[in-house]
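Asks: Structure below; questions to follow.
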Amino acid sequence: MLPGPRPRGYEDLFGAQLALEIYRFDDWQTLQLRQIRTIEQRLGAAGAYLVTALAGMRDLKNLYERANTCVACHQTVELPLLKAGHPELIFELDGQTVSQPRHWREATNFSGGQAWFVGQAVALRELSWQLTREGASDPKLNARWQAALWLVQKVAPTVSSSAVRVTSEANAENAAAALKTADQIARQAAQMCWTTDLSKKALEALASSGPDFRQRELANELQARRAERLVLALDRLNNDLQRNRSGEESDSELNSLFKLAQSIPDFDR
Ligand code: HEC
């Protein structure tokens, strides 16, 4: 759960007396599980959900909710800000969940591969949203959207029954369609019972994407953007599969891939 600012206006929702009870929790920023239990006893589960949601607290065990929470700050930077020099952000839920020390217990069926996939579908949704909002005039944004679309299109059919039936031309219509489908895929994927076998299938689908990089007619920028998402994908899926083994060999291969993909301006096939 993430704390948010202290909420106001509970009088209207719950009446004066209950509102007073809620406000009595003296430090909203450090709202404790124990306090949530008290609210639960008074308001029932649905009421407690409402109170915590209004307080900006999210159920981070649900991968769809987690992805939505983190992507809000970790993918979209508006074009004027980017042009003013703000670094680009690239969202990848599984790895970022590891680097940001979490303060919740993962569900027992937690899967890194699943977190990665839900995160990528949500990243595609957000890039699509940005395209519908800011238009397709920025070649970099277009390429980033196309790369995210490429990645989700590669993996979705192998891990779920859904496919993103959108052509890769960056325009408002395609972006709106991708936005909708990407959200559905993220929701479905978060509910799935994800097995290691699915991580393996996803990894295989991506590892055999070599020919996609040899399409000569594709611009270098797009190749590089695909590679940028691809190396993160390989890293997380590999991590999921190797969790109980030593993965030193594949680590060094991945490290050199990372270096290659990070040099986007001079990315060469
Ligand atoms: C309200 C905005 C916001 C939300 C929501 C948010 N973050 Fe962050 N996050 C930030 C900011 C700001 C930084 C600092 C960036 C910097 O210093 O470069 C940061 C830094 C990080 C970093 C370290 C820097 C990096 O990119 O490796 C990680 C990892 C991270 N966040 C993961 C997460 C995860 C996982 C979630 C969801 C559970 C999340 N964040 C939700 C704003 C947010």
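Rule-based calculations on the coordinates, nothing more; no lab input. The structure displayed is predicted, hence computed values, not measured ones. Note that each Cβ is placed from the backbone with ideal geometry, even for glycine, and that neighbours are counted across all protein chains shown.
Asks: For the stretch 63-266, what is the convex hull volume of the alpha-carbon atoms per residue, in Å³? Intermediate values should be presented prior to the final figure.
Replies: Working: hull volume 25.6 nm³, N = 204.
Convex hull volume per residue, Cα atoms: 126 Å³.
Asks: I want to check the label-to-label distance for Thr195 and Tyr49. Put each point 7 Å from Cα in the C-beta direction and report it in nm to one decimal.
Replies: Spacing of the two 7 Å Cα→Cβ label points: 3.0 nm.
Asks: Which order, highest average first, do 144-150, 57-63, 215-221, 43-49 follow once you tally other Cβ atoms within 10 Å for each residue and take the mean per peptide?
Replies: Per-residue Cβ counts within 10 Å, averaged per peptide and sorted highest first, yield 144-150, 57-63, 43-49, 215-221.
Asks: Do any of Lys154/Lys201; Lys61/Lys140; Lys61/Lys201 go past 22 Å between their Cα atoms, and which? Present the calculation step by step, with values, prior to reporting the outcome.
Replies: Values: Lys154/Lys201 11 Å; Lys61/Lys140 33 Å; Lys61/Lys201 24 Å.
Beyond 22 Å between Cα atoms: Lys61/Lys140; Lys61/Lys201.
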